[in-house]
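Okay, structure first, notes after.
Readers should treat all values here as calculations from the given coordinates under stated rules, not as data from a laboratory. Keep in mind it's a predicted model, so treat the numbers as computed, not measured. Please note: Cβ atoms are built from the backbone with ideal geometry, for glycine as well, and neighbour counts cover all protein chains shown.
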Amino acid sequence: MRIKELAEKLGVSTYTVSVALSGKSGVSEATRKRVVEAAARFGYQPDNAGRMLRSGRSCQVGVVMPPWNNPYIAELCMGIQACLTARNYTPVFAVDNTQNPVPGNLEKLLSLRIAGLITVASSLLPDDVDLPVVSYFFDDPRFDSVCPDPELDSRQIIAYLRACGHRKIGYLGWLKDLRLKWLISEAERCGLDFPPRWRLGARHPLTENLFERLLETNRGKDLPTALIIHNDAMALKTIRHIHEAGFRIPEDFSVIGHDNTSYCASSIPALTSMSCGPIDKIASALVDLLLARIKDPGRPREKVLLRSELVRRESVANLNNMPSKQGGAQ
């Protein structure tokens, strides 16, 4: 179906259909919704090649995310794809991150003359990049960004653990975690123990058994009662490692993850996790910022700060209702 045929079916002009599908201003939200729904119903596909020739602009958007072995990243990428497709853009995904950059990966992506870039690895971009960019997770002052509030996250986590009677806190994950300095500061402010020997990291935390290292480093004695884990994917592996070592959750160790993925509620025990909000809203925020930058390159830089919420489940014990506990390995 051509755009003219779609316009005839709806009784509107081809210009109205074009504007509605492009996401530009000029039509009402009701008209835009009607056109988008009709395009999906009739199977209309825009001629992106012709559009690129006419405008000189690609309809492809680069999306750089870390490996998808983290289910949160997979869910986010699916949300970004849905948002971009609805606005007649095609995502081009690349797996990369700042910890272990893939040589030549970014250069190949940029050679496609993409219309813009959504990336979790903005620090890899040169200062002179001539491209609309939205940085996710990291607040890069050069670009628009959508990122969590590590201070708010840390305050919620420490306040909850303290209310549950925990006084000995540990951390397993990536030592460059944006929250870690805030966790340390907040734990100190609240009078909780959070020493370096209970804070362990790795370059590839998903593939290493950091819980085992925690036991070895502390010789199995004087351990924390609660563990804050970098993300849910690692938290779920840590839960398995804790069980395999003969301990119980949450009786011996309480566990808190981050991302609130769909697996948290179905794990045993159900995993307490920090949520940055619904995935579809985060994906929409990223795409909306990028398309606004494409439309108006000179607009002021914008930063969207995600409002997090700790989703409380079974993996954290309330020590106030339990016998006195001095450490996780009693």
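Kindly express, to the nearest 10 degrees and within the range 0 to 90, the angle between helix 279-295's C-alpha long axis and the longest C-alpha principal axis of the chain.
Helix 279-295 sits at roughly 40 degrees to that axis.
Could you list L152, L112, L117 so that the one with the fewest beta carbons within 10 Å of its beta carbon is first and the one with the most is last?
Working: L152 17, L112 12, L117 25.
With the sparsest Cβ surroundings first, the list reads L112, L152, L117.
The range 163-195: which trypsin sites (Lys or Arg not before Pro) are DSSP loop and have at most 13 other beta-carbon atoms within 10 angstrom?
Details: sites: R167, K168, K176, R179, K181, R189; in loops: R167, K176, R179.
Sites meeting the loop and neighbour criteria: K176.
Below 8 Å between Cα atoms, with a sequence gap of 6+, how large is the relative contact order for the chain in percent? All intermediate terms of the calculation are to be shown ahead of the outcome.
Numbers: 565 pairs, mean separation 55.5, N = 330.
In percent, rounded to a whole number, it is 17.
Nothing charged except the Cβ atoms of Lys and Arg (+1) and of Asp and Glu (-1): what's the magnitude of the dipole of the chain about its Cα centre? Round to the nearest 20 debye.
Details: 42 positive and 36 negative charges, 103 e Å.
Charge dipole, the chain, about its Cα centre: 500 debye, nearest 20.
May I ask you to derive the relative contact order of the range 108-193, considering only C-alpha pairs under 8 Å and at least 6 residues apart, and to give it as an integer percent? List each step's numbers first, then the result.
Details: 81 pairs, mean separation 17.6, N = 86.
Across the range 108-193, relative contact order equals 20 percent.
Find the Rg to Rh ratio for the range 3-46, where Rh is the Kirkwood radius over alpha-carbon pairs and Rg uses the same atoms. List each step's numbers first, then the result.
On the way: Rg = 9.0 Å, Rh = 10.0 Å.
On the Cα set of the range 3-46, Rg over Rh gives 0.90.
Sort 70-79, 253-262 for me by packing, meaning the mean count of neighbouring Cβ atoms within 10 Å per residue, highest on top.
Per-residue mean Cβ counts within 10 Å order the peptides as 253-262, 70-79.
For the range 43-191, what does the relative contact order come out to in percent, with C-alpha contacts under 8 Å and a separation of six or more?
Values: 167 pairs, mean separation 26.8, N = 149.
Reported as a whole number, the value is 18 percent.
For the peptides 140-150, 222-232, what is the packing order when you average, over each peptide's residues, the other Cβ atoms within 10 Å and list the highest mean first? Kindly include the intermediate steps, with their values, before the conclusion.
Numbers: 140-150: 19.4, 222-232: 25.5.
Going from most to least packed, we get 222-232, 140-150.
Starting from the amide H of V304, placed 1.01 Å from N in the peptide plane, find each other amide H under 5 Å away whose residue is 5 or more places distant or on another chain.
It is S145, V146, C147, by chain and number.
What does the extension gain come out to for T217 and R142, with contour length at 0.36 nm per residue minus their alpha carbon separation? Don't skip to the end; give the middle numbers.
Numbers: separation 75, 0.36 × 75 = 27.00 nm, distance 4.06 nm.
Separation in residues times 0.36 nm, less the Cα-Cα distance, equals 22.9 nm.
Counting other Cβ atoms within 10 Å of each Cβ, which trypsin sites (Lys or Arg not before Pro) in the range 206-295 have at most 13 and sit in a DSSP loop? The partial results should precede the final answer.
Numbers: sites: R213, R219, K221, K237, R240, R248, K281, R293, K295; in loops: R219, K221, R248.
Answer by residue number: R219, K221, R248.
What distance in nm separates the simple spin-label points at S266 and L112, each placed 7 Å from Cα in the Cβ direction?
It works out to 3.0 nm between the two label points.
What is the calculated FRET efficiency for T90 to R203, with r their C-beta to C-beta distance and R₀ = 41 Å, to the nearest 0.05?
On the way: r = 33 Å, r/R0 = 0.81.
Once rounded, the FRET efficiency stands at 0.75.
Tell me, in nm to one decimal, what length is gained between R2 and E151 on full extension, where the rule is 0.36 nm per residue of separation less the Cα-Cα distance?
On the way: separation 149, 0.36 × 149 = 53.64 nm, distance 5.09 nm.
This chain segment gains 48.6 nm when fully extended.
Taking 0.36 nm per intervening residue step and subtracting the Cα-Cα distance, what contour gain separates K176 from N69 on full extension? Intermediate values should be presented prior to the final figure.
On the way: separation 107, 0.36 × 107 = 38.52 nm, distance 1.95 nm.
Extra length available between K176 and N69 comes to 36.6 nm.
Output the 0 to 90 degree angle, nearest 10, between the alpha-carbon long axis of helix 180-189 and the longest principal axis computed from the alpha carbons of the chain.
For helix 180-189, the angle is close to 50 degrees.
Hey, with R₀ at 25 Å, roughly what FRET efficiency would A30 and M78 work out to, going by the Cβ-Cβ distance, to 0.05?
Numbers: r = 27 Å, r/R0 = 1.09.
Calculated value: 0.35.
Would you work out which of F137, T16, W182 lies farthest towards the positive end of the dipole of the chain, given +1 charges on the beta-carbon of Lys and Arg and -1 on that of Asp and Glu, about the Cα centre?
Farthest towards the positive end: T16.
Mind checking which lysines have their C-alpha under 20 Å from K168, skipping anything on the same chain fewer than 8 residues away?
Leaving aside lysines fewer than 8 places away in the same chain, those within reach of K168 are K181, K221, K325.
What's the angle, to the nearest 10 degrees (0 to 90), between helix 232-244's Cα axis and the longest principal axis of the chain?
Between the helix axis and the principal axis of the chain, the angle is about 30 degrees.
List the residues of the range 101-115 whose backbone N lies under 16 Å from a point placed 7 Å from the Cα of D130 along the Cα-to-Cβ direction.
Under 16 Å, as judged by backbone N against the label point of D130, lie 110-115 of the range 101-115.
Once the dipole of the chain is set up with Lys and Arg at +1 and Asp and Glu at -1 on Cβ about the Cα centre, which of A270, C59, H204 lies farthest towards its positive end?
So the residue furthest toward the plus end is C59.
Would you compute, for the Cα atoms of the range 180-260, the largest minus smallest coordinate along each principal axis and list the three values in descending order, in whole Å?
The Cα atoms of the range 180-260 stretch 34, 29, 25 Å along the principal axes, largest first.
Short version: ³J(HN,Hα) in whole Hz for each residue of the range 74-81, in order, from phi by Karplus 6.51 cos²θ - 1.76 cosθ + 1.60 (θ = phi - 60°), x for Gly and Pro, what are they?
Those phi angles translate into 4, 5, 5, 5, 5, x, 5, 4 Hz.
Starting with the highest mean, order 125-136, 306-317 by the number of other Cβ atoms within 10 Å, averaged over the residues of each peptide. If you can, show how the numbers build up before the last one.
Working: 125-136: 16.4, 306-317: 18.4.
In descending order of packing, they fall as 306-317, 125-136.
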